[in-house]
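Laboratory data are not the source of any read-out in this text; all were calculated from the coordinates shown. Everything numeric here is computed off the predicted structure, so don't read it as measured data. Cβ placement follows ideal geometry from the backbone for every residue including glycine, while neighbour counts extend to all protein chains displayed.
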Amino acid sequence: PRLRKPLSDKCQGRIVTRVAFRATTPFIAPANGSNAPHKAFQGIPMSKKGYIIIRIEVEDPIQYSKYTAKAAKLLERIGAKYIARGGQMEHLEGVDEDNRRVVIMEFPSYQAARNYYFSEDYRALKALRNGASDAKFVLVEGV
């Protein structure tokens, strides 16, 4: 949600500030090739990046490959990227609960990552992934 201008009211001699929020609209970049930031990114502080970290166990590689191909295209369209995807992994400390592959996606902001995950476009992709894998997703804000 984007923050609108605060409104002030007097309530029994005190000033009370109300904040109105407006839901963010779908954020997928327009197909017209415009380089302008998409409207969903306007007004969102971009100083801290957002990261989605996934621990995933692939159960149906063929179905999962359909998901990854479409997810990569969607990430590219919104200006996000994979910074780790499968690759070599070594457990260093603590109890190793499973041997799932690790995927890390980087977004321009925490809110942009959240918008991606809850978007209609990604919801359609989740249907492909759900039958092909077992995954744990975590959203974190960068420093």
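Return the FRET efficiency for the residue pair ARG55, ARG77: r is the Cβ-Cβ distance, R0 is 25 Å, and the value is rounded to the nearest 0.05. Don't jump to the answer; show the numbers that get you there.
Working: r = 25 Å, r/R0 = 1.00.
Efficiency, from the Cβ-Cβ distance: 0.50.
Take ARG85, ARG123 and order them by how many other Cβ atoms sit within 10 Å, fewest up front.
On the way: ARG85 14, ARG123 10.
Ordered by Cβ neighbours within 10 Å, fewest first: ARG123, ARG85.
Based on other C-beta atoms within 10 Å, arrange ASP121, ASP134, ASP96 from fewest to most.
Working: ASP121 16, ASP134 13, ASP96 8.
Least to most surrounded, the residues fall as ASP96, ASP134, ASP121.
How big is the dipole moment of region 55-108 about its Cα centre under a simple scheme where the beta carbon of each Lys and Arg is +1, that of each Asp and Glu is -1, and everything else is neutral? Debye, nearest 20, please.
Numbers: 9 positive and 10 negative charges, 115 e Å.
In total the dipole reaches around 560 debye.
On a full-extension model of 0.36 nm per residue, what is the gain between LYS70 and ARG114, subtracting their alpha-carbon distance, rounded to one decimal in nm? Mind showing how you got there, number by number?
Values: separation 44, 0.36 × 44 = 15.84 nm, distance 1.82 nm.
14.0 nm is the gain from fully extending LYS70 to ARG114.
Using 21 Å as the Cα-Cα cut-off, could you pick out the over-long pairs in LYS66/LYS136; LYS49/LYS126; LYS81/LYS136; LYS73/LYS126; LYS49/LYS70; LYS48/LYS136? Write out the running numbers ahead of the final one.
Values: LYS66/LYS136 19 Å; LYS49/LYS126 23 Å; LYS81/LYS136 19 Å; LYS73/LYS126 14 Å; LYS49/LYS70 23 Å; LYS48/LYS136 23 Å.
Going by Cα-Cα distance, LYS49/LYS126; LYS49/LYS70; LYS48/LYS136 fall outside the 21 Å limit.
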